[in-house]
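Okay, so here's the structure we're looking at.
The values are calculated or read from the model by the stated rules, or taken from the named source; none is laboratory data. These figures come from a predicted structure and were not determined experimentally. Methodologically, a virtual Cβ is constructed for each residue, glycine included, from the backbone with ideal geometry; neighbour enumeration extends over all protein chains shown.
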Amino acid sequence: MALKDVATQGAPITLEDAIFSRRTVRSFLPESVPRELLEKVIKAGFASPSPFNSQPWHFTVVTGKERDDLVKIVRKFPAYLADILALYPKEASEFDSLSEEYISSFAKNLGGAPVIIFASIPKKTNKYARKVDIIACASAIQNMQLTAWSLGLGTVCLTSALWVETEIMAYLGLKDRELVTIMPIGYRESDPEPTSRNDANVTWLGF
């Protein structure tokens, strides 16, 4: 039984289950995703907090020919692979999913994801304002990823697309906004194995 069938037949999962079972997905089934499911994902993003309820995010949801056109742009990011991997030398040496061969293969068609969501915020010169907008948008993106997972969908937060941001934004006609990330989304072909988390990345004061 396909994962999408399991998701529609089983009981809804709890928020805690979604948080701890969610995985980054880079391989998708070819089936289209109903618009009503995508709307649930987007609405979860809209429910995210933002400073003074400013809601700085904008989501462009793309499928069909436009999706294929944008894939042709996004797939150029492996040309910057050496620069990307240089930012994470330790991680790049430990994860097969970060190998040049794997990334180049994934980039050709973004794992077959039938839909891509482009998340952007307004261009701002004030560093504080820009930072809080990024935080708000990132919070919305996490809401969307968890909701997608609970609906039997998979996502990947593809920040590598930032290396070809200029071309992406020109195609989308978004002149006064900057790209935060793109999120390929679709029914997941399989559930990846969990990766380790570093429990040492926390400091407790006053306990």
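State which residue is nearest to the chain's Cα centre (by Cα) when the search covers only region 48-67 and only residues that are on the phi < 0 side of the Ramachandran plot and surrounded by fewer than 12 Cβ atoms within 10 Å (Cβ to Cβ).
Taking region 48-67 as the starting set, the residues that turn out to be on the phi < 0 side of the Ramachandran plot are 48-51, 54, 56-63, 65-67.
Now restrict to residues that are surrounded by fewer than 12 Cβ atoms within 10 Å (Cβ to Cβ): 49, 65.
Details: 49: 18, 65: 20 Å.
Top of the filtered list is 49.
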Identify the single condition in (1) over 16 Å from residue 178 (Cα atoms); (2) among the hydroxyl-bearing types (Ser, Thr, Tyr); (3) free of Cβ contacts under 8 Å to residues at least 60 places away in the same chain that residue 128 does not satisfy, given that it satisfies every other one. (1)
Any residue at all in region 63-80 that's of a type outside the set (Ser, Thr, Tyr) and over 25 Å from residue 175 (Cα atoms)? no
Kindly indicate whether any position in region 74-91 is outside any helix (DSSP H, G or I), surrounded by 15 or more Cβ atoms within 10 Å (Cβ to Cβ) and free of Cβ contacts under 8 Å to residues at least 40 places away in the same chain. yes
Being without any contact (Cβ under 8 Å) to a residue 24 or more places away in the chain, farther than 20 Å from residue 67 by Cα and small (Gly, Ala, Ser), is that true of even one residue in region 31-47? no
Any hit, region 46-63, residues being under 13 Å from residue 151 (Cβ atoms) and either assigned to a strand (DSSP E or B) or at pLDDT 95 or above (or both): no
